[in-house]
Amino acid sequence: MTTIEHDDHYELPVNDCTVTGLVLDRAVTLQITSAEESYAIRIEQPFTLTTGTGEQITVRPEGPTHDLAPSLTLLRLPVVRVHAFKNGHLEAYFGSKTAIKVESSDNYEPWEITTKDGDRLVSTPRTRLGCLAGGRGARRQGHPNHLRPHDQRLHI
């Protein structure tokens, strides 16, 4: 996974990506794809969905099924940007001014992003990010702040 590092967050390269699928179970998983990239963003705690009109809705993945309905509005939207903040929270912005925000947690992993190669970026307890390389043989683990190549891109 390659991300662009900023002072307080990492940005996923989501050029030309669209939300192509949703999985609704005890979490909400967004399938985000383009011709070159593919990500799954799995959210396991309540998060805020802001609609194009500015309405803020709390989506509770483990709540009643009607609480999941607002997440269906994300399907087929273009992805504008995804920011994984170094303090453990996540923000994703979509077409029609729709956004989601997931806070960090002190007790568990509220969200994770997985690439088509199996690499993962995970919000770990106590406001940290964790990295795990999955699909390319050798497994590496670490905090993104410890993995800084010269070009300020994070290669997990």
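The values are calculated or read from the model by the stated rules, or taken from the named source; none is laboratory data. This structure is a prediction, so every number in the text was calculated from the model and none was measured. Reconstructed Cβ throughout: ideal geometry from the backbone, glycine too, with neighbour counts over all protein chains shown. To get the accessible areas, we keep the full protein, side chains included, count just its heavy atoms, and leave off ligands, DNA and RNA. Shrake-Rupley method; radii C 1.70, N 1.55, O 1.52, S 1.80 Å.
Which of (1) under 21 Å from Thr3 (Cβ atoms); (2) touching a residue at least 40 places away in the same chain (Cβ under 8 Å) is the odd one out, the single condition Ser104 does not satisfy? Evaluating Ser104 over (1) under 21 Å from Thr3 (Cβ atoms); (2) touching a residue at least 40 places away in the same chain (Cβ under 8 Å) leaves (2) as the failure.
One line per residue, one yes/no per condition, for (1) of a type in the set (A, V, I, L, M); (2) not in a strand (DSSP E or B):
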position	(1), (2)
Ile4	yes, no
Val23	yes, no
Leu49	yes, no
Glu62	no, yes
Pro70	no, yes
Tyr93	no, no
Ser96	no, yes
Asp106	no, yes
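Cβ-Cβ contacts under 6 Å between residues 6 or more apart (or on different chains), taken from a first residue in the stretch 8-23 that is among the small types (Gly, Ala, Ser) to a second residue that is open to solvent by 40 Å² or more (accessible area, probe 1.4 Å), are listed as Gly21/Gln31.
Give Val23, Val19 a once-over and let me know the one that is over 22 Å from Arg126 (Cβ atoms), open to solvent by 30 Å² or more (accessible area, probe 1.4 Å) and at pLDDT 95 or above. After applying the criteria, what remains is Val23.
Here is a yes/no grid of residues against (1) touching a helix residue (DSSP H, G or I) at 6+ places or on another chain (Cβ under 8 Å); (2) more than 20 Å from Leu129 (Cβ to Cβ):
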site: Thr33; (1), (2): no, yes
site: Gly52; (1), (2): yes, yes
site: His66; (1), (2): no, yes
site: Arg81; (1), (2): no, no
site: His89; (1), (2): no, no
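Under the condition of being hydroxyl-bearing (Ser, Thr, Tyr) and at pLDDT below 90, which residue from the stretch 116-129 is surrounded by the fewest Cβ atoms within 10 Å (Cβ to Cβ)? So, considering only residues that are hydroxyl-bearing (Ser, Thr, Tyr) and at pLDDT below 90, the one surrounded by the fewest Cβ atoms within 10 Å (Cβ to Cβ) is Thr127. Within the stretch 60-98, the residues that satisfy the criterion of being without any contact (Cβ under 8 Å) to a residue 40 or more places away in the chain and open to solvent by less than 20 Å² (accessible area, probe 1.4 Å) are Pro61, Gly95.
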